[in-house]
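*Asks:* Could you have a look at this structure, given as structure tokens, before my questions?
The values are calculated or read from the model by the stated rules, or taken from the named source; none is laboratory data. Worth saying up front: this structure is predicted, and the values here are computed from it rather than measured. Because the Cβ atoms are built from the backbone with ideal geometry, glycine has one as well, and the counts that use them run over all protein chains shown.
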Amino acid sequence: MRWQVLVVRIPAEPSRHRVAVWRELRRVGALQIGQGVWVVPDVAVFADGVARVIELARRGEGEVLVLEAAGRAEADAARLEGLFTAERGEEWAEFLTECARFDAEIDKEIGIAKFTMAELEEEEHSLERLRRWHRDIKARDVFTAPAAAEAAAQLEHCAGRLADYTERVFAALHQM
């Protein structure tokens, strides 16, 4: 596996430029390996994000030096892959927490018999947000973190819960 190493330098002031670049690096899924040094696997899914980081740095009168690299030894490459995959694992863990919250929210609405179109639309938006989030993490998870399969299963579970809730809403509305 080849990597892109991004050496980022941006003036401290105004700080909004540094923050914008940092946020984009995090959004892209870059792994910080040192002060101002980030890496991403050298695969197409990261190309647009790297280009956005470079543009944001340029706007802030900074620069990004992009280098191609590979681990010198197999252990180095494995270490980078492990660190990158661990970060995806943290993202999947957060995603799974949000899936559990979605599930609990559906339980709550069923428990209080809140079967309204407004609530259904809110839950549909929540599921769509989970789907987008899942798609984004999956795109970055080039080494397939262990929690990826569980996350896909939980997303399907959430979709099933919403389908059940939808049926309950329509049944309640048609009884009126």
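*Asks:* Give me the helices (runs of 4 or more DSSP H) completely within the stretch 1-116, filtered to those with at least 1 residues that are of a type in the set (S, T, N, Q), ordered by residue number. Give the steps one after another, and end with the answer.
*Replies:* Numbers: elements: 15-28, 47-59, 74-111.
Helices (runs of 4 or more DSSP H) meeting the threshold: 15-28, 74-111.
*Asks:* Within the bounds of the stretch 141-150, is there any residue that is closer than 27 Å to GLU24 by Cβ, at pLDDT 95 or above, within 12 Å of the chain's Cα centre (by Cα) and in a loop (DSSP other than H, G, I, E, B)?
*Replies:* Yes, there is a match, as at least one residue in the stretch 141-150 is closer than 27 Å to GLU24 by Cβ, at pLDDT 95 or above, within 12 Å of the chain's Cα centre (by Cα) and in a loop (DSSP other than H, G, I, E, B).
*Asks:* Evaluate the following for LEU83: is it among the aliphatic types (A, V, I, L, M) and assigned by TED's automatic domain parsing to the domain that holds ASP141?
*Replies:* Values: among the aliphatic types (A, V, I, L, M): yes; assigned by TED's automatic domain parsing to the domain that holds ASP141: yes.
Yes.
*Asks:* State which residue is surrounded by the most Cβ atoms within 10 Å (Cβ to Cβ) when the search covers only the stretch 96-140 and only residues that are among the basic types (Lys, Arg) and over 22 Å from the mean Cα position of the chain (by Cα).
*Replies:* Start the filter on the stretch 96-140 by keeping residues that are among the basic types (Lys, Arg), which leaves 101, 108, 114, 129, 131-132, 135, 138, 140.
Checking the rest, the ones that are also over 22 Å from the mean Cα position of the chain (by Cα) come to 108, 114.
Numbers: LYS108: 10, LYS114: 15.
So the residue we want is LYS114.
*Asks:* So which of GLY62, GLY49 ends up being surrounded by 14 or more Cβ atoms within 10 Å (Cβ to Cβ) and out of contact with any helix residue (DSSP H, G or I) (no Cβ under 6 Å at 6 or more places or on another chain)?
*Replies:* Values: GLY49 fails: out of contact with any helix residue (DSSP H, G or I) (no Cβ under 6 Å at 6 or more places or on another chain).
Within the list GLY62, GLY49, the selection yields GLY62.
*Asks:* Looking at THR85, THR116, THR166, can you tell me which residue is under 26 Å from LEU25 (Cα atoms) and among the hydroxyl-bearing types (Ser, Thr, Tyr)? Full working, then the answer.
*Replies:* On the way: THR116 fails: under 26 Å from LEU25 (Cα atoms); THR166 fails: under 26 Å from LEU25 (Cα atoms).
Going through THR85, THR116, THR166 in turn, the sole match is THR85.
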